[in-house]
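Since the structure comes first, as structure tokens, the remarks are kept for the end.
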Amino acid sequence: IYTRQEGQGLLVGTYDQAAVAWQRRQTPWDFERRLLTPDLERIAPSLDTAFRHFPVLGDAGIARVVNGPFTFSPDGNPLVGPVRGLPNFWSACGVLAGLCQGGGVGLALSNWMTAGDPGFDVWAMDLARFGDWATRPYTAAKVRENYRRRFSIAFPNEFLPEGRPLATTPIYEPQRAAGAVFGDVYGLEVPLWFAPEPGAVEDVTFGRSNAWPHVREEVHAVRHDVGLMETSGFAKFLVEGPGARAWLTHLLAGRLPRPGRIALAPMCNERGNLTGDLTVACLPAATGTPDGPVRAVTGGATGNAATAERFIVFGSGIAERYYERWFEAHLARWREPESGAGARPNGPVWYRTLGTQMCGVAIAGPKARDLLSEVTDADVSDEAMRFGSFTALDVGWARAWCGRLSYTGELGYELWTDVSYLRHVFDLLVTHGQAHGLRLFGLAALNSLRLDKSFGSWAREYRPSYDPFEAGLGRFVRFTRAGDDGADFVGRAALIDKYGPGGTATGNPSAPPGAMLLCTWTVDGQLDESGFDAAGDEPVYCNGEPVGWVTSGGFAHHSNVSVAMGYVPAEFANNDVDFEMDIVGERRAAQLVDGCLWDPLGTAMRR
């Protein structure tokens, strides 16, 4: 319940646990300044609670009943932005607290409509955070859950149960049998960590949960032996056509890889701020006759034919619809005639969302190469498959793409295959992996491993509030690109205006006034299961004054220390100042990390 003064009386409000839906599709257009029929019986348990806490209410009686509808989204946040497939149709729905949220929603929407950009980071209320999997029945289930929990405490490690499991892959069951504790990401069930026996449930807490010792073992396996993690939840797009390279060169701030290579490429908006941290693979040349490749691989994608290049673009799974919207907007501009009727710059280009038709697993650790060599007849030596390679090979009987890169900081390979082959690839790796100390690991261990390396992630460190240089991605930006005929990229002019033309990939240029910088800190505290770690949005203090904020954190098990990542003004990003953070109500000392905690030269992933 909640209560406040209302005139000469008290207003009492509640969210009834019955959570009865009023309209499942839409509010009638003629519904304005109207109320619903009072139904005190439905909220009787809540009223009894109110009368116990405030006995005077029971004596005073009820003067007026106000029963009106609330608008809810599946996660309780507003739904704001352009609606896909309906040009010039915009959404501003799910705004629970109109008086306090209306101004910000209105500002974002008006900026978006007139300038093509909301002007600030609106990810938490962006309509694009949901895909087609968020059906009306799913929405109804999640809305009831959110409504009933309006006065419940939300924990940083909590995944709510309604509407789950929804989407799963062919290796969901074997992972569940292996003890996987799942969360849901963009509608898909993903392993968070693995318990010794199936059926474990994670304790929700602001501290370190019962997952802590098991995550520690998973991290140890990756750093010392080999670990396997499912990667099917990534967003994946096939980009093809004669103009594919030219279009991606225009869209991305980094240099595109040559055939058979994969590279990280930031994507910026017109203001020069990040709209994506993407990984782009240029498919190697197709084998076969001039009429076409011998066989198709991975979700319908084939190797490059002689006349056109093909690319697979990988990104954060939660941003799949967000990327689709960005691609479609820039494809429409790209296809506008340059001169003359029907002229197209640099040839046509199109893309296709691969989704979970293309699934994958990653293996990482010092013994990853030994394991991979046992399940394929391809040469996977360092000489034959250098860091950044992207090639087709057979894993057992299944055709797959293999990208040699790593988000763990260890020697690693990502294997991508058609969904129908995923179980075969998984079973083969697990069987052969036993001799190498293979252990399955989940998102919690991946978070710990990336903190060792100061690797950021989308919607936390990488977001439209910051440009690539602020986010530590400046080394991937190319203001001038050999072989690209001086091709411009979206946001280039804004970045040059901010940093000058001397910005290079060899290091960040001098930070202009007002620039923020992404930093990593170690945070003082307990080093066992009784401790607390930063989760995100905690304030960062410098010499006692609040100057920045935490974007994410956790415990880096290999380095055996609590870690936080976040942003502070560039002038504070040095070791001459004393940093502190508020962690669960306790002020903690924090030490700025120079680079990263482990393997700063990146030799492990390149061995």
So what's the Cα pair-distance distribution over the stretch 13-155, bin width 5 Å, in %?
2, 8, 15, 18, 18, 15, 10, 7, 4, 2, 1, 0
Integer Hz, Karplus 6.51/-1.76/1.60 couplings in order for the stretch 416-423, x for Gly and Pro:
10, 8, 4, 3, 5, 9, 4, 4
Relative to the longest principal Cα axis of the chain, at what angle does helix 44-53 sit, 0 to 90 degrees, rounded to 10?
70
Using a 7 Å offset from the Cα along the Cα-to-Cβ direction at both Ser373 and Arg149, what is the distance between the two label points in nm, to one decimal?
4.8
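Normalised by the residues of the stretch 140-207, what does the relative contact order come to in percent, with Cα pairs under 8 Å and at least six apart?
31
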Using label points projected 7 Å from each Cα along Cα→Cβ, tell me how many nm separate Arg352 and Leu11, to one decimal.
5.5
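Given Cα pairs under 8 Å that are at least 6 residues apart, what percent is the relative contact order of the stretch 79-148? Intermediate values should be presented prior to the final figure.
Values: 52 pairs, mean separation 19.4, N = 70.
The value is 28 percent.
How much of the DSSP bridge set in the chain is antiparallel, in percent, rounded to the nearest 5?
Numbers: 92 of 99 bridges.
Taking every DSSP beta bridge with both residues in the chain, the antiparallel ones total about 95 percent.
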Rounded to whole Å, give me the distance from the Cα center of the stretch 361-393 to that of the stretch 154-196.
28
What is the spread of the Cα atoms of the stretch 2-60 along each of their three principal axes, largest first, in whole Å?
41, 27, 16
On a 0 to 90° scale, report how tilted helix 136-148 is relative to the longest principal axis of the chain, with both axes built from alpha carbons and the result rounded to the nearest 10.
50
Where labels lie 7 Å past Cα in the beta-carbon direction, separation of Val66 and Glu162 in nm:
2.4
Of Trp112, Leu96, Trp123, which is farthest along the charge dipole of the stretch 79-148 in the positive direction, counting Lys and Arg as +1 and Asp and Glu as -1 at C-beta?
Leu96
Count charges around Gln175 for me, please; just the other residues with Cβ under 10 Å from its Cβ, Lys/Arg as +1, Asp/Glu as -1.
-2
FRET efficiency for Ala124 and Ala308, using Cβ-Cβ distance with R0 set to 30 Å, rounded to 0.05:
0.15
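Show that you can apply the helix-only estimate: for the chain, add -39,500 (n - 2.57) for every DSSP H stretch of four or more residues, divide by all residues, and state [θ] at 222 nm to the nearest 500.
Values: 12 runs with 128 residues, N = 607.
Mean residue ellipticity, 222 nm, calculated: -6500 deg cm²/dmol.
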For the chain, what value does the Rg/Rh ratio take when both radii are computed over Cα atoms and Rh is the Kirkwood radius, given to two decimals?
0.98
Quick one: plug the Kirkwood hydrodynamic radius of the stretch 518-568 (C-alpha pairs) into Stokes-Einstein at 25 °C, 0.890 mPa s, and report D in µm²/s.
220
Along the dipole axis of the chain (charges at Cβ: +1 for Lys and Arg, -1 for Asp and Glu; origin at the Cα centre), the most positive-end residue among Phe455, Ser420, Thr551 is Ser420
Calculate how steeply helix 98-115 sits against the longest principal axis of the alpha-carbon atoms of the chain, using the helix alpha-carbon long axis, and give the answer as 0 to 90 degrees to the nearest 10.
30
Counting other beta carbons within 10 Å of each Cβ, put Thr408, Thr376 in order, fewest first.
Thr376, Thr408
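Mind ranking 580-589, 410-419, 126-135 by how tightly packed they are, going by the mean number of other C-beta atoms within 10 angstrom, highest first?
Working: 580-589: 16.3, 410-419: 23.9, 126-135: 18.1.
Going from most to least packed, we get 410-419, 126-135, 580-589.
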Asp39 to Met113: FRET efficiency via 1/(1 + (r/R0)^6), r the Cβ-Cβ distance, R0 25 Å, to the nearest 0.05?
0.05
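Only counting other Cβ atoms within 10 Å, I'd like Cys519, Cys100, Cys359, Cys596 sorted with the fewest neighbours first. Write out the running numbers ahead of the final one.
Details: Cys519 25, Cys100 9, Cys359 29, Cys596 20.
Ranked by crowding around the Cβ, least crowded first: Cys100, Cys596, Cys519, Cys359.
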Could you tell me which of Leu11, Thr603, Gln357 has its Cα farthest along the dipole of the chain towards the positive end, charges placed at Cβ (Lys, Arg +1; Asp, Glu -1), taken about the Cα centre?
Gln357
Quote the relative contact order of the stretch 508-572 in percent (integer), defining contacts as alpha-carbon pairs under 8 Å separated by 6+ residues.
39
With 21 Å as the cut-off, how large is the P(r) tail for the stretch 79-148, expressed as percent of Cα-Cα pairs?
29
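Where a number appears in this text, it was derived from the coordinates with a stated rule and is not lab data. This one's a predicted model, so the numbers in the text were calculated from it and none came from an experiment. Here Cβ is always computed from backbone atoms with ideal geometry, including for glycine, and neighbour counts include all displayed protein chains.
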